[in-house]
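Data first, discussion second: the structure below is written as structure tokens.
The values are calculated or read from the model by the stated rules, or taken from the named source; none is laboratory data. Every value quoted in this text rests on a predicted model; they were computed, and no experiment measured them. Note that each Cβ is placed from the backbone with ideal geometry, even for glycine, and that neighbours are counted across all protein chains shown. The area values use the complete protein model at the heavy-atom level, side chains included, leaving out ligands, DNA and RNA. Shrake-Rupley method; radii C 1.70, N 1.55, O 1.52, S 1.80 Å.
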Amino acid sequence: MGVLSGKTAVVTGASSGIGRAIALRFGKEGARGALLARRKNRLEEVAREIEKEGSEALVVPADLLDPKQISKAFADIRRQWKDPEILVNNAGTGFFGPLAESKLEEYETTFNLNVRAFYLATREVLPAMIRAREGTIINIASIAGKMGLAGSAIYCASKFAVMGLSEALLEEVRSYNIRVAVICPGLVSTEFFGRTDAKGNRPDFIQPEDVAGAALLCATGTQTACFKEMVIRPRRPV
């Protein structure tokens, strides 16, 4: 029996990287995982790995840039399973370069996925969590949500927004015994940063499994304390 046995967890961006690692770690701990992302074939691969560990997985293909698809995805989860006790808002994107050379479409895509999708997914799960007086919401931000980085103004702004949303939401729902945690990794070895070794890794970067371990701590905690914010940095300078 894992520490998350009996819990239903929704993980967005579960097809690769941090989301995949969190879904797998939660599955090893007994959680049923509802996996949201666009790439159905990749989600099915993750689902098979979860099922090998003896846990259940539900593949829910959805484009999180589309509010209607977000609403439908959560309706499908509730219909097939139940209201989730855990939500991990992880799906994200970013465009990099000088602000003067940026495009409005890049700004809109970044904020719609990195902030609006977090807001909409959170709004989907909160009413049931409030009724149950229990729940955990984990938002994956970035070190870019705590400091400005040249060439990353739009991305930084979106992650600063995630930080503000997370902190304000915690103050709203603490009285309902709902945890809200935000995780701020530095450079993580994922597709997001492109360059990898022959095995697809960046050994000098944080690994997705490191972030998954932090997420598990946020999802468990104790009855008297919760993790509000975690900052994760590479052990050695990159």
Inset, instruction - Could you name the lysines whose alpha carbon sits less than 29 Å from that of Lys52, not counting residues in the same chain fewer than 8 places away? - result: Lys7, Lys28, Lys40, Lys72, Lys82, Lys199
Legend entry - Paramagnetic reach from Arg38 (point 7 Å along Cα→Cβ, amide N under 17 Å) across the range 61-86: 61-71, 73
Legend entry - Antiparallel %, DSSP beta bridges [both residues in the chain], to 5: 0
Legend entry - For Phe95, solvent-accessible area (1.4 Å; no DNA, RNA or ligand), Å²: 70
Inset, instruction - Please state the charge dipole magnitude for the chain, taken about the Cα centre, from unit charges on C-beta atoms (+1 on K and R, -1 on D and E), reported in debye and rounded to the nearest 20. - result: 240
Legend entry - Using alpha-carbon coordinates, inclination of helix 153-173 to the longest axis of the chain, degrees: 30
Legend entry - Accessible surface ranking that places the most exposed of Tyr176, Tyr155 first, with a 1.4 angstrom probe: Tyr176, Tyr155
Legend entry - Cα long-axis angle, helix 40-52 against the chain (0 to 90 degrees, to the nearest 10): 50
Inset, instruction - Determine which aspartates and glutamates satisfy two conditions relative to Lys68: a Cα distance under 13 Å, and not lying fewer than 8 residues away in the same chain. - result: Asp76, Glu124
Inset, instruction - Check the straight Cα-Cα distances from Lys228 and name the lysines below 16 Å, setting aside those fewer than 8 residues away within the same chain. - result: Lys146, Lys159
